[in-house]
Structure formats: structure tokens, C-alpha cells
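The values are calculated or read from the model by the stated rules, or taken from the named source; none is laboratory data. Just so you know, these numbers come straight off a predicted model, no measurement behind them. FYI the Cβ positions are ideal-geometry reconstructions off the backbone, even for glycines, and counts take in every protein chain you see. Ligands, DNA and RNA are stripped out before the accessible areas are found, and what is left, the full protein with its side chains, is counted by its heavy atoms. Shrake-Rupley method; radii C 1.70, N 1.55, O 1.52, S 1.80 Å.
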Amino acid sequence: MSALLTDRFERRHTYLRIGLTERCNLRCVYCMPAAGIPVQPKSAYLTADEIERLARLFVAEGVTKVRLTGGEPLVRKDAVAIAARIGAVPGVEALALTTNALLLEGRLPALKAAGLTHLNISLDTLYPDRFRTLTRRDGLHQVLSAIEAALTLGYGTPERPLKINAVVLRGVNDDELADFVAWTREVPLEVRFIEYMPFDGNGWADGELVPLAEMRASIEAVHGPLKALPGQPEDTATIFRVPGFAGTVGFIASMTVPFCAGCNRLRITADGSFKVCLFGPTEISLRDQMREGASDDDLHRLIGGAVRGKKAAHAGMDVLAATKNRPMITIGG
Ligand code: SF4
């Protein structure tokens, strides 16, 4: 691990998230601003060659896990080809994808062959009408079918974890937590409940946030005490299991129980901006630098400078809610 990706707080950044597109086939209320976002021309997005160049550069400096995100990464026609190119980069130990799964089932065999090890599926409700309300589209059936297909293909194991990411909104889907957990009785899924976070245009209000403590209490009221499982300092989720259940339950509580001290994540947005923090508004356009002929040494200098400037932690939810950043859909989570 080189010093380039180690910040002033000795955090070693071994995990790179790369956005493939800002486009999506859903319109989730906590992600896509109601007014939508200006659609950038495809030329604004990193090409497959640029993505591979950056992935190779970061892996050479110590990144071992690369996650493909979006928008919805699979709406990009060459998403599987890009996955295969990154999966083939020596040093990539984990190739991950976060998807809404609407386009997943048919592409999963090819993604698995490309080396996909970690699969996260965004699903906030188990009810079709609520799915429509939350995503402004239909599609619950395809998502559930893709999850079945993933389990059949061997995801849902320690080597190929299958995780369900559910953003919890008060008064919208916070009454479904126990149902999601019941799903883990027989099925080796990791269901993670995500605290609602403020991003540009999502109308965030702390009244809609359901804190970890409250989520846990509502689950334990139905399933009994959760058993805490060991984790790593860099983990975003705190993980539990209902004793005797096949799957696990996680909480990603960046608002009420921030996990910045162990942060190992860096991000490149679909339009090629480098972000050292999800909530940090500061960015560098590596895309523009590359297209203006920057050498790898030039990129190293820019990346190293940004990592050295990374703050110890995010500014706290109230400050974040008032800080200009980006809409979530253009960051990729
Ligand atoms: S808020 Fe920023 S520093 Fe904190 S865990 Fe997320 S990316 Fe890391």
C-alpha cells in the first residue's frame, strides 16, 4: 500500500467506487431530485478506456476493492465489458456492483464470469405499491426474481456476499424492517438498513430520518435481541444476526453513528470527478486532466493532494443538509 492513498489520519484507502453513469431506470425519491437532473451527453462520462486507466492507477497504489455504481450502472451498454476489464486488473481482490437489479438477471452469468464477487441490490420495500411510490416506477417483481437468480448462481456466501440495501424513511417504509429481517430466517442475505442522508435536491429533513437505535428497537420488538457480529474498522455497516437465522442484518448509520474514523473509500463519479468523501463538496476532474493529456505522474500528484486534504469526518447532518454537494444519483453512493 503506497503512501499516496493514505491520509493524514493514517486511513489507508483500499476501496474505490466508480460511477458508470448518471442515468437510471428508476426515480427513487431519496436519490433523484423530483425535478430530475440535467442529462449530460454520453461524452461527459468516462470512457471504458479512461475507467480502466484510473482503476489500474489506483490498484497500483493499493486499492483492492472496486465497486461499480451509477445512477444505475447496468443501463450503460458496456457495463459488463467494463466489469470484465476491471476484474482482470491484477490486484483487484473484490469486484463489486451496486444495482437496482431491474436489468440484472440476464446479465448476472456474464458478470459472474467477469469476476463479480460482491453484489449489492437496492430494495427499499417488499410491497409493489410502495415500490411504485418510492421509485416512481414499477419493477419489484424483476428485482425479487433477480435476487432468486443471484442466490441460484451462488451469491449469498462469504466469498460472494449478497446484500440488500434499504434506505429507511419515517412513515414510508419504516414499518417493514421486521419483514425484511424475517427474509433472512432461511435466506443467506445481508439486509442493511441505511439512514436517510441529505443530498442535493432530495428534500432531506431530519424528521424523516429513522436513527439506528430506533430501527434496531423495532426489529428486536418482533425478532428478539439481535446478536452483534464482529466487524472491521473500515466497515460501513454494523452487522447483527437474529440467533438461528441464515442471514444477517446491518445498519449503515452515517448520520447518527458516523463511521468516518475507519474510512477506506474514495470515489470517481461517472463524469470523472474524484471525491475523497461522499459528503465532501471538493472535487477534481480527473476526466478533464486525462483529456488534456495529463500523465500518470500528474494524476498521482492531484490524487495524493486530495487524499492528504481529506477531512477526519463529515460535518454532521445539519451542516451537510445546508452544504452544496451533488444529487446522490451523480455520486453513486
Ligand atoms: S462521510 Fe466521508 S469520511 Fe465519512 S465514511 Fe463517508 S466517505 Fe468516509
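For the chain, taking a cut-off of 4.7 Å between Cβ atoms, the unpaired cysteines are 24, 260, 263, 277.
Segment residue 160..residue 64, full-extension length gain: 33.0 nm, with 0.36 nm per residue of separation and the alpha-carbon distance subtracted.
When a/c is below 1.5 the answer is rounded, else prolate if a/b is larger than b/c, else oblate, so apply that to the stretch 116-190 with a ≥ b ≥ c taken from the square roots of the Cα gyration tensor eigenvalues. Prolate shape, in that a/c is at least 1.5 and a/b is the bigger ratio.
Modelled spin labels at residue 130 and residue 235, positioned 7 Å past Cα toward Cβ, are 2.6 nm from each other. With a simple spin-label model that places each label point 7 Å from the Cα along the Cα-to-Cβ direction, the separation between residue 39 and residue 186 comes to 4.2 nm. Solvent exposure of the chain, expressed per residue, is 41 Å² of accessible area, with all protein chains present and a 1.4 angstrom probe.
When the Cα gyration tensor is reduced to axis lengths a ≥ b ≥ c, the ratio a/c is 1.5 or higher for the stretch 138-228, and with a/b not above b/c it is classed as oblate. Placing a label point 7 Å from the Cα of residue 282 along the Cα-to-Cβ direction, no residue of the stretch 226-258 has a backbone N closer than 16 Å.
Working ranking of peptides 66-76, 41-51, 320-330 by packing, defined as the average number of other Cβ atoms within 10 Å per residue, highest first, is 66-76, 320-330, 41-51.
With n ≥ 4 as the cut-off for DSSP H runs, can you work out [θ] at 222 nm for the chain, using -39500 (n - 2.57) per run divided by the number of residues, rounded to the nearest 500?
Values: 10 runs with 96 residues, N = 333.
The helix contribution divided over the chain gives -8500 deg cm²/dmol.
Percent antiparallel among DSSP beta bridges with both residues in the stretch 152-242, to the nearest 5? Kindly include the intermediate steps, with their values, before the conclusion.
On the way: 3 of 9 bridges.
Close to 35 percent.
The overall shape of the stretch 194-253, judged from the alpha-carbon gyration tensor, is oblate: a/c is not under 1.5, and a/b is no greater than b/c.
Placing a label point 7 Å from the Cα of residue 302 along the Cα-to-Cβ direction, the residues of the stretch 54-68 whose backbone N falls under 13 Å from that point are 54. Looking at this model, which pairs from 275/324; 112/163; 42/65 are more than 21 angstrom apart at the alpha-carbon? Beyond 21 Å between Cα atoms: 42/65. Between residue 8 and residue 311, the modelled labels are 1.2 nm apart [label points 7 Å from Cα along Cα→Cβ]. Counting only DSSP beta bridges whose two residues both lie in the chain, roughly 25 percent are antiparallel.
Take the chain, connect every pair of alpha-carbon atoms lying under 10 Å apart with a spring to form a Gaussian network, then pick out the residue of 262, 316, 115 with the largest mean-square fluctuation. Largest GNM mean-square fluctuation: 316.
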